1. For the chain, which whole-number percentage of the solvent-accessible area (1.4 Å probe, protein heavy atoms only) is attributable to carbon and sulfur atoms?
2. Rounded, prolate or oblate for the range 64-143? Axes are the square roots of the Cα gyration tensor eigenvalues, ordered a ≥ b ≥ c, and the cut-off for rounded is a/c under 1.5.
3. In whole Hz, what ³J(HN,Hα) sequence does the range 67-81 give by Karplus (6.51, -1.76, 1.60; θ = phi - 60°), x for Gly and Pro?
4. Rounded, prolate or oblate: which fits the range 210-349, taking a ≥ b ≥ c as square roots of the Cα gyration tensor eigenvalues, rounded meaning a/c under 1.5, else prolate when a/b beats b/c?
5. Using a 1.4 Å probe, what is the accessible area per residue for the range 254-349, in Å²?
6. Name the shape class, rounded, prolate or oblate, that the alpha-carbon gyration tensor gives for the range 197-285, where a ≥ b ≥ c are the square roots of its eigenvalues, rounded holds for a/c under 1.5, and otherwise prolate holds if a/b is larger than b/c and oblate otherwise.
7. Sorted by accessible area with a 1.4 angstrom probe, largest first, how do Ser115, Ser36, Ser288 fall?
8. Can you give the charge dipole size of the chain about its Cα centre, rounded to the nearest 20 debye, using +1 on the beta carbon of Lys and Arg and -1 on the beta carbon of Asp and Glu?
Amino acid sequence: MSKVIKHLYVHIPFCKSICTYCDFVRFVKDPQCVESYIKKLIKQIQLQYKPKQFQTIYVGGGAPNYLSNKLLNMLLRTLNKYLDKHYEFTIECNPELLTYEQAQVMKSNGVNRGSIGVQTVNNTILKKFHRQHTLNDVKTAIANLRKVGITNISIDLIYGFNEQTNKDILDAIKFIKMQHIPHVSWYALEVKDGSILSKQKYQLNDEHVEQHLALIIKHMHAINYNRYEVSSWSIDKPFESQHNKAYWLTKDWSAVGLGACGFENRNYYSYVGTIDNYKKQVTKYLLSDYYFQIMLMGFRLKEGLDLSNPIYKGAYEYFKDKLKDVSINNNHLTANNLNLIDNILIELI
């Protein structure tokens, strides 16, 4: 009997504009194309999954709230039927698009977590990197979510822009504190193939990046946020991302939509092709690949891997002679330093 998958990722590959650092599958498309895509997505969901199947559903992109309220309602209403009794239902949002009416659509369909792409609180940097919002838009978006009763709010921030100063980092942390944001993801800027920055030959300053990370760690701890994962901070354990934990703990998750990636029964897959014609591309993981994936993701978590789980125990036994700079406390395998997990993984390779 096949196991029931409890986590679902849904990819909406549409944006109002393309940010310079983004390499995700995303398009700026006409309304007719968008509607056709959403209807196809809904049909796939209805054919593949069982009602009340998922503990977590994450709608990402692109910009899922680029959808009209009509299409957003259609999609979220469908997904709501597949939520288990106790669930986390997250949607990513671009702040300039998040109106009060849109927040009502989210709330009425069971969304209980909003993830807002803030990136930086410096309006000049936002404009330079083709973001369409301002800091005031972010404040309005947060207020709109809270007005309808969505209080589990996460914001994404990026550090490592050459244009970013220490003051920009401290201003962002001041904003987090003043707005009482329950969850924050701090991501280091990467110049990825396929991004506009890559075509512009944008060069990162590694020393600058490390300096900003040290600043983030110091001041996020000072305002009582817990770094429970390499890039993730929460003010309290209930606000930790349950969906992302499925990735970090190498649990199985399903995925739908062009650009979406899933992992089921040691099969990693992604949907590739065009917006009108895409298909599933599958890679079967060997046991050694699977064990490496467990280490790759598990070391990202502060609490690490629970070795009472036989799968994690097997991965540990497979690699234990190569493991350095790790510890076992209370039967949990953890990295000694979250900033240096790449060094651990290089040894395993």
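1. C and S fraction of accessible area: 50 percent.
2. Prolate is the answer for the range 64-143, as a/c is 1.5 or above and a/b outweighs b/c.
3. These are the phi-based 3J(HN,Hα) values: 4, 5, 4, 5, 6, 4, 4, 4, 5, 5, 4, 5, 4, 4, 5 Hz.
4. Verdict is oblate for the range 210-349.
5. Heavy-atom SASA per residue in the range 254-349 reads 54 Å².
6. On the way: a/c = 2.89, a/b = 1.45, b/c = 1.99.
Judged from the Cα gyration tensor, the range 197-285 comes out oblate (a/c at least 1.5, b/c at or above a/b).
7. Values: Ser115 5, Ser36 70, Ser288 40 Å².
These residues rank, largest area first, as Ser36, Ser288, Ser115.
8. Details: 43 positive and 32 negative charges, 242 e Å.
The dipole magnitude comes to about 1160 debye.
The values are calculated or read from the model by the stated rules, or taken from the named source; none is laboratory data. Every value quoted in this text rests on a predicted model; they were computed, and no experiment measured them. Glycine also receives a Cβ, built like all others from the backbone with ideal geometry; neighbour counts cover every protein chain displayed. Remember, those area values only see protein heavy atoms, side chains included, never the ligands or the DNA or RNA. Shrake-Rupley method; radii C 1.70, N 1.55, O 1.52, S 1.80 Å.
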